[in-house]
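Worksheet: one structure, shown below.
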Amino acid sequence: MSTTKVLALVGSLRAGSVNRQLAETAETVAPEHTTVTVFDGLADVPFYNEDLDTVDNSIPAVTALREAAADADAFLLVTPEYNGTIPAVLKNAIDWISRPYGAGAIKDKPVAVVSASPSGNGAQWAHEDTRKAARIAGGKVLEDVTLAIGKTIDKFGDAHPRDNAEVAGQIAKVVESLSAATKELVDA
């Protein structure tokens, strides 16, 4: 059986981010025959600009992102909420992997979104905006797979989310759904 490769893109650049920790949790709870890799390097990717996106212009951070995205079978997008919407760094990553238009690395690949915030709404506005951006970029957003985690400070305190059995189980189900969706596309 082949291995499903899931690329996790995290919308927070902060080292101790709960959202990054949720992506790390996905790495540890992935089912058999599935790997989750958290992409490091979004901070180095310049804002999308068609003037930069040319055959003659090689940008190492963009090349690394696009190669990782092309190699992935599915995407796990993990987002906090900044001023009621998706963080610029995550939207920028989606923009870069959606190009060239109609043939980007995200096209027709399963996408799931997880969001988390200290507020009670669990970053649901950013969650919806991320799903919308991924869908428009060409990803196959899993419509029935949603996970928005609120009140993260109360829920985790100083602990890593992987130590919370309920959340680890929820993340595992999201990754299992991505893996299953990938296999369905292969079998279709």
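What follows is calculated from the coordinates using simple rules that are stated; it is not laboratory data. Here the structure is a predicted model, which is why all the values come from computation and not from measurement. Here the Cβ is made from the backbone with ideal geometry for all residues, glycine too, and neighbour counts use every protein chain on show.
Brief remarks on what is shown
- Integer Hz, Karplus 6.51/-1.76/1.60 couplings in order for the range 87-101, x for Gly and Pro: x, 4, 5, 6, 4, 4, 4, 4, 4, 5, 7, 8, 9, x, 3
- Calculated [222 nm] ellipticity per residue, helices only, for the chain: -12500 deg cm²/dmol; basis is -39500 (n - 2.57) per DSSP H run with n ≥ 4, divided by all residues, nearest 500.
- Using alpha-carbon coordinates, inclination of helix 124-136 to the longest axis of the chain, degrees: 30 degrees
- DSSP beta bridges confined to the chain are antiparallel in about 5 percent of cases.
- Each part gets one Cα centre, and for the range 1-71 versus the range 85-136 those centres are 12 Å apart.
- When the Cα gyration tensor is reduced to axis lengths a ≥ b ≥ c, the ratio a/c is 1.5 or higher for the chain, and with a/b not above b/c it is classed as oblate.
- Inter-label distance for residue 55 and residue 163, nm, one decimal - labels placed 7 Å from Cα along Cα-to-Cβ: 5.4 nm
- Degrees, to the nearest 10: 60-71 long Cα axis against longest axis of the chain: 70 degrees
- Overall form of the range 146-187 per C-alpha gyration tensor (a/c, 1.5; a/b vs b/c): prolate
- Full-stretch length increase - residue 153, residue 119 - with 0.36 nm per residue and alpha-carbon distance subtracted: 11.4 nm
- Lysine pairs meeting the criterion (Cα under 22 Å, 8 or more apart or interchain), as found in the range 4-187: 24
- Added length on full extension, which subtracts the Cα-Cα distance from 0.36 nm per residue, residue 185 to residue 43: 47.9 nm
- Under 5 Å, built H, 5+ apart or other chain: amide partners of residue 139: 108
- Taking 175, 55, 167 as the candidate residues, the one with maximal mean-square fluctuation in a Gaussian network model of the chain, Cα springs under 10 Å, is 55.
- Axis angle, to the nearest 10 degrees, between helix 165-187 and the longest C-alpha principal axis of the chain: 30 degrees.
- For the chain, the longest site-free run once trypsin sites (Lys or Arg not before Pro) in DSSP loop states with at most 16 other Cβ atoms within 10 Å are removed: 15-106
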